[in-house]
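**Q** I am attaching a structure below and will ask some questions about it afterwards.
The values are calculated or read from the model by the stated rules, or taken from the named source; none is laboratory data. Computed from a prediction, not measured in an experiment: that's the story for all the values here. Cβ placement follows ideal geometry from the backbone for every residue including glycine, while neighbour counts extend to all protein chains displayed. In case anyone asks, the SASA skips ligands and DNA or RNA and just uses the protein heavy atoms, side chains included. Shrake-Rupley method; radii C 1.70, N 1.55, O 1.52, S 1.80 Å.
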Amino acid sequence: MSIKSSLLKAANRSLDAYAFVFARPFFRDWNAWLIQVGFRGLGVLNHRTDSLSGERHLLRSKLRMFLGKDDPVIFDVGANEGDFSAQLIEIFPRASVFAFEPHPGTFSRLSARLADKVRLKNAGLGSTVGSATLYDYGDRNGTGHASIYDHVLTAVHKTAEPVGLEIEIDTIDNFCEAHGLELIDFLKIDTEGNELEVLKGPDGCSKTSVSVTSSSSLMR
């Protein structure tokens, strides 16, 4: 038996022993906390700083090597107030950066900051062209937690009564066709739960090639 097989069996026995002791209602909160620990280890919810999240390492150490060019086409989907886009244009001054932000309040701050440096769209991206309700805190004019899923505010961020507003939804295909884009070199998505719908935007008949790379794979 190989060392790898022996370690795998030992790990499985440990999991069985853990389940025997801790798979009980009394330990529910403990197990829920361990899930959060695992998420943090995988890079989820590490948004407090760009260093902790891995974004700084991605942008400063990995992305240029990965893309292999000085003039990439980059989509910043869920741009918020433009921190990610600002770093992109600092590192890739010749890049074509397209920043998408659906909340009008947040978009106004993004526009004031980067309108002369990146191409802006006051809309979200999804799987179909149309509209959606965007939920956010009622006492603020746009935040990084805004989502088309109200439970992101109520369950994750513990907001009792999120406020909704109607926003425009575009698709990657539709936007690329309108702007003559055939290749997206890097696609960054931070849409508070709507990431899969954004990725459905380029359908099977799409003429747009999207180079999609998990940020976490480049952050290590």
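**Q** Taking +1 at the Cβ of each Lys and Arg and -1 at the Cβ of each Asp and Glu, which of GLY43, ASN31, LEU8 sits farthest along the dipole of region 1-58 towards its positive end, judged by Cα position relative to the Cα centre?
**A** Sorting the options by dipole projection puts first LEU8.
**Q** Let me ask another. With a sphere of radius 9 Å drawn around the Cβ of ILE74, what net charge do the other residues whose Cβ falls strictly inside it have (Lys, Arg +1; Asp, Glu -1)?
**A** Combined, the nearby Lys, Arg, Asp and Glu give -1.
**Q** Could you please state how large a percent of the accessible area of region 6-165 is carbon and sulfur, counting protein chains only and using a 1.4 Å probe?
**A** In region 6-165, the share of accessible area belonging to carbon and sulfur is 57 percent.
**Q** So what does log10 I(q)/I(0) come out to for region 82-210 at q = 0.17, 0.19 Å⁻¹, using the Debye formula with one equal point on every Cα and no solvent?
**A** -0.93, -1.13
**Q** Once the dipole of region 93-176 is set up with Lys and Arg at +1 and Asp and Glu at -1 on Cβ about the Cα centre, which of PRO162, THR133, PRO93 lies farthest towards its positive end?
**A** Value computed over the given set: PRO93.
**Q** Still on this structure, I have one more. What does the extension gain come out to for TRP30 and THR143, with contour length at 0.36 nm per residue minus their alpha carbon separation?
**A** 37.6 nm
**Q** Full-extension gain between HIS157 and GLU90, please, as 0.36 nm times their residue separation minus the C-alpha to C-alpha distance.
**A** 20.9 nm
**Q** To continue, here is another question. If I build a Gaussian network model for the chain, linking alpha-carbon pairs within less than 10 angstrom, which residue out of PHE22, PHE175, PHE92 has the largest mean-square fluctuation?
**A** Judging by the Gaussian network model, the answer is PHE22.
**Q** Under the Karplus relation 6.51 cos²θ - 1.76 cosθ + 1.60, θ = phi - 60°, what is the ordered set of whole-Hz ³J(HN,Hα) values for region 149-161, x standing for Gly and Pro?
**A** So the J values, rounded to whole Hz, are 10, 5, 5, 4, 7, 7, 8, 7, 9, 6, 9, 5, 9.
**Q** Here's a follow-up. Kindly state, to the nearest 0.05, the FRET efficiency for MET65 paired with VAL44, given R0 = 25 Å and r defined as their beta-carbon distance.
**A** 0.55
**Q** Another question, then. Report the rotationally averaged projected area of the chain based on its alpha-carbon convex hull, in square nanometres.
**A** That works out to 16.3 nm², a quarter of the Cα hull's surface.
**Q** Over the chain, what is the mean sequence separation of C-alpha contacts under 8 Å (at least six apart), divided by residue count, expressed as relative contact order in percent?
**A** 19 percent
**Q** What is the set of long-range amide H partners of LEU120 at a cut-off below 5 Å, with H atoms built 1.01 Å from backbone N?
**A** HN-HN under 5 Å from LEU120: ALA99.
**Q** Taking the Cα atoms of region 39-80 alone, what are Rg (to one decimal) and Dmax (as a whole number) in Å?
**A** 12.1, 34
**Q** Counting only heavy atoms of the protein chains, get the accessible area per residue of the chain (1.4 Å probe) and round it to a whole Å² value.
**A** Using a 1.4 Å probe on heavy atoms only, each residue of the chain averages 59 Å².
**Q** A further question on this structure: Name the residue, out of ALA132, ALA95, ALA11, whose mean-square fluctuation peaks in a Gaussian network model built on the chain with Cα pairs under 10 Å.
**A** ALA11
**Q** Pull up all non-local amide H partners of ILE184: gap of 5 or more, or a different chain, and H-to-H distance under 5 Å with H placed in the peptide plane.
**A** Amide H neighbours of ILE184, under 5 Å, 5+ apart: SER209, VAL210, SER211.
**Q** Moving on to the next point. Tell me the label-point distance for the pair ARG56, PHE22, using the 7 Å Cα-to-Cβ offset, in nm and rounded to one decimal.
**A** That separation, rounded to one decimal, is 3.1 nm.
**Q** Quick one: putting +1 on the C-beta of Lys and Arg, -1 on the C-beta of Asp and Glu, what dipole do you get for region 93-203 around its Cα centre, in Debye to the nearest 20?
**A** Using Cβ point charges on Lys, Arg, Asp and Glu, region 93-203 gives about 520 debye.
**Q** What does the charge dipole of the chain about its Cα centre add up to, to the nearest 20 debye, if the Cβ of each Lys and Arg holds +1 and the Cβ of each Asp and Glu holds -1?
**A** With Lys and Arg at +1 and Asp and Glu at -1, about 1260 debye.
**Q** Measure up LYS4/LYS158; LYS9/LYS158; LYS4/LYS200; LYS117/LYS200; LYS9/LYS62 against 32 Å on the Cα-Cα distance and list the ones that go over.
**A** Violating the 32 Å limit, Cα to Cα: LYS4/LYS158; LYS9/LYS158; LYS4/LYS200; LYS9/LYS62.
**Q** Give the Rg (one decimal place) followed by the Dmax (whole number) of region 5-108, computed from C-alpha coordinates and expressed in Å.
**A** Final numbers for Rg and Dmax: 20.9, 58 Å.
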